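> Pasting a structure below so you can have a look.
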Amino acid sequence: MDLKTAITNENINLPDNFFYNVQKYKEHLFKWNKIHNITGARDENKVDGFIYDAVFPVSFLPKKKTLLDIGTGAGFPGMILAIALPDTKVTLVEPLKKRASFLQFIKADLGLDNVTVVKKRVEDMPSEIFDIVTSRAVTDTNMLLEISKNHRDKNSLLLFYKGENVYDEISSDIKHKIIKTKNRHYLLLEGDDDDT
């Protein structure tokens with residue numbers, strides 16, 4: 001995959017330094033991954049696919065002030081969204097020390113003043129409402145709704161990065177939208193109503 005071409009073809013509005021910062025992120029990821037096993041993605045093509053998946057929602061998300069990413073791992077999608085959305089305050093929640101340390105290093109190295117790294121489980125965070133709550137490859141939708149309940153309200157958007165099983169995970173009585181790309185299903189829900 002030619003990441004720059006793929007993203008450019010989607011007409012996603014990104015900051016001028018996005019590709020520079022993403023390249024630096026990838027270089028650090030590969031170095032850290034050799035020692036610390038940060039992600040299972042070992043080659044550039046796989047990582048580029050993850051980056052594309054992470055940034056694609058910028059094409060349809062409204063501009064918001066705050067974003068919470070649950071279980072950020074190596075940075076997908078939260079760190080990539082933080083690079084893409086410099087005017088959004090992004091909180092990355094990652095309980096594993098080696099991954100949280102990597103995220104903190106990337107924040108410092110890239111000078112990402114819009115990023116806060118929290119090394120704990122989201123359930124252990126104090127209650128705080130965010131405009132957008134995201135998560136990728138953490139758990140099923142019902143559990144995500146449960147563990148995010150102290151961090152969203154009726155005005156929040158929930159964006160869960162899912163696979164084809166999303167249709168089995170979402171009840172038809174919950175107001176939702178599914179946006180599909182070649183390899184990803186994005187589940188978009190509105191915050192806190194009686195059904196969630």
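> Looking at the range 55-75, which of its residues are buried (at least 19 other Cβ atoms within 10 Å of the Cβ), under 21 Å from His151 (Cα atoms) and touching a residue at least 60 places away in the same chain (Cβ under 8 Å)?
Pro57, Leu61, Leu67, Leu68, Asp69, Ile70, Gly71, Gly73
> Scan Lys107, Lys177, Lys182 and give me the residue that is basic (Lys, Arg), modelled with pLDDT under 95 and either under 17 Å from the mean Cα position of the chain (by Cα) or assigned to a loop (DSSP other than H, G, I, E, B) (or both).
Criteria check complete, one pass: Lys182.
> Got at least one residue in the range 97-120 being touching a helix residue (DSSP H, G or I) at 6+ places or on another chain (Cβ under 7 Å), of a type in the set (A, V, I, L, M, F, W, C) and farther than 25 Å from Lys24 by Cα?
no
> Which numbered condition trips up Tyr161, out of (1) more than 28 Å from Ala6 (Cβ to Cβ); (2) outside any helix (DSSP H, G or I)?
Result: Tyr161 passes all but (1).
> Being touching a Leu at 6+ places or on another chain (Cβ under 9 Å) and either among the hydrophobic types (A, V, I, L, M, F, W, C) or more than 22 Å from Tyr186 (Cα to Cα) (or both): is that true of Leu81 here?
Criteria met by Leu81.
> Something else about it: Counting residues that are among the charged types (D, E, K, R), which helices (runs of 4 or more DSSP H) fully inside the range 1-92 reach at least 2?
18-36, 44-55
> For Glu190, work out the one condition from (1) under 18 Å from Val138 (Cβ atoms); (2) modelled with pLDDT under 90; (3) touching a strand residue (DSSP E or B) at 6+ places or on another chain (Cβ under 9 Å); (4) of a type outside the set (Phe, Trp, Tyr) it doesn't fulfil.
(1)
> Which one is nearest to Pro57 (Cα to Cα) among residues in the range 139-158 that are of a type in the set (Val, Ile, Thr) and not in a loop (DSSP other than H, G, I, E, B)?
Thr141
> Does the range 121-138 hold any residues that are touching a helix residue (DSSP H, G or I) at 6+ places or on another chain (Cβ under 9 Å) and not in a strand (DSSP E or B), and which are they?
Those that are touching a helix residue (DSSP H, G or I) at 6+ places or on another chain (Cβ under 9 Å) and not in a strand (DSSP E or B): Arg121, Val122, Glu123, Met125, Pro126, Ser127, Glu128, Ile129, Phe130, Val138.
> Search the range 145-160 for residues that are of a type in the set (S, T, N, Q) and pair each with any residue that is surrounded by fewer than 22 Cβ atoms within 10 Å (Cβ to Cβ) and not in a strand (DSSP E or B) when their beta-carbon atoms are under 7 Å apart and the residues are at least 6 apart or on different chains.
Asn150/Ser127; Asn155/Gly191; Ser156/Ile129; Ser156/Asp131; Ser156/Gly191; Ser156/Asp192
> Looking at (1) modelled with pLDDT under 90; (2) under 16 Å from the mean Cα position of the chain (by Cα); (3) under 16 Å from Asp69 (Cα atoms); (4) surrounded by 17 or more Cβ atoms within 10 Å (Cβ to Cβ), find the lone condition where His151 falls short.
Condition not satisfied by His151: (1).
The values are calculated or read from the model by the stated rules, or taken from the named source; none is laboratory data. Please read these numbers as outputs of a predicted model, since none were measured by experiment. Glycine also receives a Cβ, built like all others from the backbone with ideal geometry; neighbour counts cover every protein chain displayed.
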